[in-house]
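Shown next, in structure tokens, is the structure this report addresses.
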Amino acid sequence: MRIRRLKILGVAMGLSLLAALVGVVFYLLPRNVAPSANRIADFVVLNNAKFWVDDHAAAAALFRFPSRDDENEHLRFIAIDEGSLDAPPHGLGAWPWPRSRHGQLLQRLARAGAKVVTFDVLFLEPASDPAQDTAFAAGLRAQPTVLGFTIDTTRGGVFSLLGPPPSLADNARALGFTTVDNPGGWLVGQFLTMRPADGRTYPSLAAATTETYTGAAIEPIDAWHGKFGTHEVPLDGEGQITMLPFVTHEYVDQQDTSGLSSRAGAARLTIPFVQIVSYADALRMDDASLRSFVHGNVVVVGATAQALGDYIVTPNGRYPGVFANLRLMDQLMRGTFVRRVPPALDLVLIVLIPLLIGFVVTQLRAAVGVAIAVGVVVVYSITAVALYGSTLHWMNLIHVDTATILAALFVALYRTITEGADKRVIKEMFGKHVSPELVEVMLAHDDPLKALDLSGKRVKVTVFYSDIRGFTAMSEKMSPEEIYGALNEYFEEMCQIVFKYGGYVDKFIGDCLMAVFAAPNPQPDDAYHAARCAWDQQRKIDEMMVEWAAAGRQAFTVGMGLNTGEVVMGNLGSSDRLNYTVIGDNVNTAARLYNVAKGGQIIISESTYEEVKDRFIVNELTPVSVKGKTLPLRNFEIIAPLEPGEPNTSTILDPENLPEATVADAH
């Protein structure tokens, strides 16, 4: 049994390890492979859970996550939105606009005191009219400005830079790449710097803007650390800063009353951590209003109009790409960073928790084990979301949870299959020998075979034998079919009474019935139940014989013998055929006693008498000498059950003056 338990535990641990391996494999996948199931998906799920908490008042009150979307007082956004693309007089017309207009905006922003202006708009070719670039360049000289460019990768893996023409690039304060990392379509972060084919190191648009604004350099140190002046910038292990997802709000202008807003009914997207005005409104603002909006601040110019197609997909939806750069600037300016926990910790959790759950499921009922696994997943998920929402530490969520659930299901399924086989063994072994209620008790056990010790165990039981008197002579007057019919009818009634008192029908030996009280689970009242079973059987036999005699059938009487004592109980037989039975000297004693009993008698041994002497009226008989026993056996005949309050009229011989033993007759 111990070997079997170790085997079950070993298989369960193997299945749990397989579940953990599934989690590890998906966790270690490159970010652009299966992004719906790898670490990118984990980050998306984690943020969606955090957003769910923020959106539900009860959950938000419970967790009290600090707000990450408070307005950044030094970051402003001028949006090229749908209203700005409207026809004059409310809008500025279709895109692209004359570049002199950007120069005009820069001149106004310079006078209003903007510290840095960043264009998240690409100007990759010289203007068809050189005068336009001249006007734009004049604005660039007047106002410190960061221009964007892109870095592409050729099929050979070579970086190439696509930036503004020299007439603009030479007049910009800095250049920054707008390329964002979006494996599988999800925007999750950006490199602080990149090195294209020209060998120079270029900062991202967000890094270049923040450097220009603060005067402090931003650079990566290794895959996990960057530096911003004297401050550390945590990276994601692959050299990127992880973008903190954000919420957006959409509203619709119902009417135009000021002449500065977009067309009535136009949908506009806003983000709470930055103040926004449209490009058209910025050009029309009076000097005082514009100065109040931009003085001493970073001003970003970018497109939100859907017609311009500059959209990306974030964990919280599809939004203008400029919002991502705004968020990265906001994070760098405020020092708000997402921090991945060490991968070693994630991997330990992905492996360890499923192994622990697999062990738990082997020790409890499968359904209880799965329920505990679900509870662990819920608690762990709440912990991971709470840690992220409170401190922005990113601890793996979906791979730990998935591996845990898979481990519980794998082990539960394995247990269901193996226990199904165990139940079949029990039904085959006990289904015809014990009461259906006892079989159900065995099958309801967490591990059915644990309810038994099939290898053999020493227990105290009461062994019962009964035998039809004169059966050989009786059978000579009956056909084989009549004999089988009579025996089956008789045994059917006798077995039901055995089952009623919790006994186990061990075997049938011709017309002899052997039962054990109470295999496979001995109980304190086994001797009483065995004696009561014998008494009820004799009463039932009397009824049956009256009916049989009236029907002209052969009647008979039955002698019964009972003995109580220790036996060895378990499987006995060959590798091909086993029988669950009891063996030992006390079994032999019971077999000798039923030979002593005459028809209608119930003979019990001295050990059984000591167990039932206060519950039955008995008469002690002359001791008998039986084969295999040196000393004579004291034996007692059950006369009747002792009713409550009834005096015990049993006749007991003096143990010190017993009569001479007789030799037991064979019946």
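The values are calculated or read from the model by the stated rules, or taken from the named source; none is laboratory data. What you see is a predicted model, and the numbers here were worked out from it, not measured in a lab. Glycine also receives a Cβ, built like all others from the backbone with ideal geometry; neighbour counts cover every protein chain displayed.
Here I40 clears all of (1) free of Cβ contacts under 8 Å to residues at least 24 places away in the same chain; (2) under 29 Å from A305 (Cβ atoms); (3) surrounded by 13 or more Cβ atoms within 10 Å (Cβ to Cβ) except the condition numbered (1). Against the list (1) more than 30 Å from Y213 (Cα to Cα); (2) among the aromatic types (F, W, Y); (3) crowded, with 16+ Cβ neighbours inside 10 Å, the condition F65 fails is (1). Output the residue which, of all residues in region 150-167 that are surrounded by fewer than 15 Cβ atoms within 10 Å (Cβ to Cβ) and either basic (K, R) or at pLDDT 85 or above (or both), is farthest from S128 (Cα to Cα). The selected residue is R155.
Per-residue answers, yes or no, for (1) modelled with pLDDT of 95 or more; (2) assigned to a helix (DSSP H, G or I):
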position: S262; (1), (2): no, no
position: R268; (1), (2): no, no
position: P272; (1), (2): no, no
position: L283; (1), (2): no, yes
position: R291; (1), (2): yes, yes
position: V299; (1), (2): yes, no
position: Y319; (1), (2): no, no
position: D330; (1), (2): yes, yes
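In the set P655, P659, P644, only one residue is under 20 Å from D536 (Cα atoms), in the same structural domain as N563 (by TED's automatic domain parsing) and loosely packed, with under 13 Cβ neighbours inside 10 Å; that residue is P644.
Counted as qualifying within region 515-627 are the helices (runs of 4 or more DSSP H) with 3 or more residues that are in contact with a helix residue (DSSP H, G or I) (Cβ under 8 Å, 6 or more places away or on another chain) and either in the same structural domain as P641 (by TED's automatic domain parsing) or farther than 18 Å from V459 by Cβ (or both), namely 526-550, 606-612.
Hey, could you check region 514-525 for residues that are touching an Asp or Glu at 6+ places or on another chain (Cβ under 8 Å) and at pLDDT 90 or above and say which is farthest from F556 (Cα to Cα)? So, considering only residues that are touching an Asp or Glu at 6+ places or on another chain (Cβ under 8 Å) and at pLDDT 90 or above, the one farthest from F556 (Cα to Cα) is F517.
Residue by residue through region 470-482, note down the ones that are surrounded by fewer than 16 Cβ atoms within 10 Å (Cβ to Cβ) and closer than 20 Å to M514 by Cβ. Talk me through it step by step, then tell me what you get.
In the first step, residues of region 470-482 are kept if they are surrounded by fewer than 16 Cβ atoms within 10 Å (Cβ to Cβ); the result is 470, 472-473, 476-482.
Across region 470-482, the qualifying residues are G470, T472.
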